[in-house]
Amino acid sequence: MPEQLDQRRPNLGDYEDVCRKFSWERAAKALAGLPGGGLNIAFEATDRHVVEGRGDRIALRWIAQDKATREFRYRDLATGSARFCNALDKLGIDPGDRVFTLLGRVPALYIAALGVWKRGAVLSPLFSAFGPEPIKARMTIAEPKALVTTHRLFERKVKPILGELPFLKTVILVGGGEGGEDLDELLADAPDTCDIAATRPDDLAILHFTSGTTGRPKGAMHVHGAAVAHRATAEFALDLKADDVFWCTADPGWVTGTSYGIIAPLLIGCTMISDEEEFDAGRWYENLEREKVTVWYTAPTAIRMLMKAGSELPKRYDLSRLRLIASVGEPLNPQAVVWGREVLDRPIHDNWWQTETGGIMVSNYRSMPIRPGSMGRPVPGIEAGVVHREEDGSVTEIGTADEEGELALRPGWPSMFRGYLHEEERYRKTFAGGWYLSGDIVKRDADGYFWFVGRADDVIKSAGHLIGPFEVESVLIEHPAVAEAGVIGTPDPVVMEVVKAFVGLNRGFEPTEELRKEILAHARKRLGPAVAPREIDFRDSLPKTRSGKIMRRLLKARELGLPEGDISTLESEK
Ligand code: ATP
Ligand code: MG
């Protein structure tokens, strides 16, 4: 790692000491606030920098599909979003109204998001790859008054269902076209300053639908005050500072794309990179080199694809500026951390959070040794526990190390969700005994590091053991032929469930019977016969959500011939 950069003081120094002294009240002071105690994400993200003399700094460097780049200063985002806010006002969009975006990574996305917040309206970003059905389902729940999209997406995905969206009053089209207002014209006609809504910290800012990995997606509601946590967690977990060049690869339709793809980097005042194009190994390394990215936030699925692309490729690029790589969304196999260290010269820092938590909750820090395969330790200000749910609905905390239980968090941090829209009962059920229950099974070791075992729904029960799919998948991935693995339990009359694995292979490997036996033998040797898969099926690719998570429930439903359930977030399978 480049010495000069590595010597920089990490934002998190002495972990225990920082945790002891930390309070969210004090963290809130890092934000400027509005007169009268208001707080608005968009003011903090743009105008504040202009007011404080940083308006000329580059906020966003956008890379188009054809690799042309465009730069936006903080001043540009401030005026662009003010124009958008004024346009919304003129179109009759009021504070509290929902505005949906159906956009890829294009500059208008940032302008629209910030403009929505300036208006005091509520942003709900959708995956641009959604088809008409998932769009309709989410819109029917949220009843947005406006949608920002492109003509192409509108024609293909919204027009066919428009008759069923009576609440939708306005469609704004990036690049113009028939069927909606032309964004460019709206912006050109609008003044470049606006009255920023004096939102309170508890006012709604974002409605984010969960990834739908376990079932029907839920609309998690987030408030302006969440910005306090976006900022603090980005400083602690991503070590993000104002002079960084930051690249978050998440899709705008996923919570990571908002919390860390828009809000956190702008609050901190660094330069963020956004690439319109989807994953491509060579292009990604090229971006890291050309843009001199210093902090990079990505996901295990992308890292596994980079691993699949081989260890030679990154050697062709100068990645010396990169000082931190972080990953979220799924468990990061220890093999990936090791690969990062060996091939990219830096480990990969895993962190854990959910749509519901709004921001990073558990993390491997730059200032602390990484334990490969662990999610790390709670961020300052977060109390995390491991609990058992009892039959009567009560919960008890597990005090002993390395015992499996559900990851629980003490409510009260600023980016905590405030409900699932129109699903009060579902929301209430996530709390018990003073904890928020995450639905993920974990262990905590004696040093306070958390280890992911599996989602509660995915954990396999076999011969009296609980088997976490992650452990089995991580061992499978150690085998040089295996690029990705998804593990499920299938019913067995004797032991209740047996482990079955679905495996995608690295380039140059053929799915032969011999290879199958070899991988099975490797797993048995490493895991023992009780935990190792009984069977392995080869697959070209595994079903994943659009946020890159392996959908084990779908593997299972297909295996057992059961209904597939809600697959609205399923990425099209190649
Ligand atoms: P749904 O709630 O609709 O089933 P989802 O839980 O996948 O979908 P998200 O909120 O996008 O929706 O994902 C959060 C979940 O992703 C976590 O609860 C956890 O299961 C998984 N996850 C995220 N980060 C990590 C990580 N670092 N290690 C292990 N699992 C992770
Ligand atoms: Mg979830």
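The values are calculated or read from the model by the stated rules, or taken from the named source; none is laboratory data. Model, not experiment: these values are computed from the prediction. In this analysis, Cβ positions are derived from the backbone assuming ideal geometry, glycine residues included, and neighbour counts consider all displayed protein chains. All accessible areas refer to the heavy atoms of the entire protein, side chains included, with ligands and DNA or RNA removed. Shrake-Rupley method; radii C 1.70, N 1.55, O 1.52, S 1.80 Å.
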Practice problem: Find the residue count for segment 146-157, including only residues that are over 18 Å from Pro252 (Cα atoms) and crowded, with 21+ Cβ neighbours inside 10 Å. | Solution: 0
Quiz item: Which condition breaks for Arg216 when tested against (1) open to solvent by less than 70 Å² (accessible area, probe 1.4 Å); (2) assigned to a loop (DSSP other than H, G, I, E, B)?
Solution: (1)
Exercise. Those residues that are touching a Pro at 6+ places or on another chain (Cβ under 8 Å) and either farther than 28 Å from Met139 by Cα or open to solvent by less than 60 Å² (accessible area, probe 1.4 Å) (or both), I need them from segment 410-433; list them, please.
Key: Pro414
Quiz item: Of all residues in segment 458-476 being in a loop (DSSP other than H, G, I, E, B) and within 16 Å of ligand 2 (Cβ to nearest atom), which is surrounded by the fewest Cβ atoms within 10 Å (Cβ to Cβ)?
Solution: Val459
Exercise. Residues that are aliphatic (A, V, I, L, M) and crowded, with 23+ Cβ neighbours inside 10 Å: find the helices (runs of 4 or more DSSP H) completely inside segment 33-139 holding 2 or more of those.
Key: 74-90, 107-119
Quiz prompt | segment 341-354: number of residues that are farther than 23 Å from Gly454 by Cβ and either within 16 Å of ligand 2 (Cβ to nearest atom) or part of a helix (DSSP H, G or I) (or both) | solution = 4
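Consider Ser572 carefully, then state whether it is at negative phi, among the small types (Gly, Ala, Ser) and either within 12 Å of ligand 1 (Cβ to nearest atom) or open to solvent by less than 50 Å² (accessible area, probe 1.4 Å) (or both).
Taking the combined requirement at face value, the residue does not satisfy it.
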Quiz item: Counting only residues that are part of a loop (DSSP other than H, G, I, E, B), more than 15 Å from the chain's Cα centre (by Cα), hydrophobic (A, V, I, L, M, F, W, C) and surrounded by fewer than 24 Cβ atoms within 10 Å (Cβ to Cβ), how many does segment 228-277 have?
Solution: 2
Practice problem: Output the residues belonging to segment 363-385 that are closer than 19 Å to Gly548 by Cβ and either surrounded by fewer than 23 Cβ atoms within 10 Å (Cβ to Cβ) or within 16 Å of ligand 2 (Cβ to nearest atom) (or both). | Solution: Gly373, Met375
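So which residues in segment 356-366 are assigned to a loop (DSSP other than H, G, I, E, B) and on the phi < 0 side of the Ramachandran plot, if there are any at all?
Passing the criteria: Glu356, Thr357, Gly359, Ile360, Met361, Asn364, Tyr365, Arg366.
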Quiz item: Is there a residue being in contact (Cβ under 8 Å) with a residue 60 or more places away in the chain, in contact with a Lys or Arg (Cβ under 7 Å, 6 or more places away or on another chain), of a type in the set (Val, Ile, Thr) and open to solvent by 10 Å² or more (accessible area, probe 1.4 Å) anywhere in segment 477-496?
Solution: yes
Exercise. For segment 518-551, name all the residues that are charged (D, E, K, R) and away from ligand 2 (no atom under 16 Å from the Cβ).
Key: Glu518, Arg524, Lys525, Arg526, Arg534, Glu535, Asp537, Arg539, Asp540
Exercise. Return a yes/no flag: does segment 287-296 have any residue that is open to solvent by less than 10 Å² (accessible area, probe 1.4 Å) and within 16 Å of ligand 2 (Cβ to nearest atom).
Key: no
Quiz prompt | Within segment 497-518, considering residues that are over 14 Å from Val472 (Cα atoms) and hydrophobic (A, V, I, L, M, F, W, C), the one farthest from the chain's Cα centre (by Cα) | solution = Leu515
Exercise. Specify the residue that is nearest to Met496 (Cα to Cα); the eligible residues are those in segment 445-457 that are at pLDDT 95 or above and open to solvent by 60 Å² or more (accessible area, probe 1.4 Å).
Key: Trp451
Exercise. May I ask you to say which residue of Leu515, Leu554 is open to solvent by less than 40 Å² (accessible area, probe 1.4 Å), within 16 Å of ligand 2 (Cβ to nearest atom) and either β-branched (Val, Ile, Thr) or assigned to a helix (DSSP H, G or I) (or both)?
Key: Leu554
Exercise. Could you please tell me which pairs satisfy a Cβ distance under 8 Å, a separation of 6+ or placement on different chains, a first residue in segment 442-458 that is closer than 14 Å to Gly489 by Cα, and a second residue that is near ligand 1 (Cβ under 9 Å from one of its atoms) and of a type in the set (S, T, N, Q)?
Key: Arg455/Thr213; Arg455/Thr214; Asp457/Thr214
Quiz item: Which of the residues that make up segment 282-316 are within 17 Å of the chain's Cα centre (by Cα) and either over 16 Å from Pro331 (Cβ atoms) or assigned to a strand (DSSP E or B) (or both)?
Solution: Val295, Trp296, Tyr297, Thr298
Quiz item: Among the residues of segment 168-213, how many are away from ligand 2 (no atom under 15 Å from the Cβ), part of a loop (DSSP other than H, G, I, E, B) and farther than 24 Å from Arg152 by Cβ?
Solution: 14
Quiz item: Name the residues in segment 82-135 that are acidic (Asp, Glu) and within 23 Å of the chain's Cα centre (by Cα), would you?
Solution: Glu133
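Of the residues Trp451, Trp435, which is away from ligand 1 (no atom under 14 Å from the Cβ), under 25 Å from the mean Cα position of the chain (by Cα) and hydrophobic (A, V, I, L, M, F, W, C)?
Just one listed residue meets the conditions, Trp435.
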Quiz item: Is one or more of the residues making up segment 269-291 small (Gly, Ala, Ser) and modelled with pLDDT under 95?
Solution: no
Exercise. Would you mention how many residues in segment 518-531 are crowded, with 18+ Cβ neighbours inside 10 Å and either touching a residue at least 60 places away in the same chain (Cβ under 8 Å) or assigned to a strand (DSSP E or B) (or both)?
Key: 1
Quiz prompt | Every pair of residues 6+ apart whose Cβ atoms lie under 7 Å, when the first sits in segment 323-336 and is polar (S, T, N, Q) while the second is within 7 Å of ligand 1 (Cβ to nearest atom) | solution = Ser327/Asp350
Quiz item: So, in segment 167-213, of the ones that are within 16 Å of ligand 1 (Cβ to nearest atom) and not aliphatic (A, V, I, L, M), which residue ends up farthest from Leu109 (Cα to Cα)?
Solution: Thr213
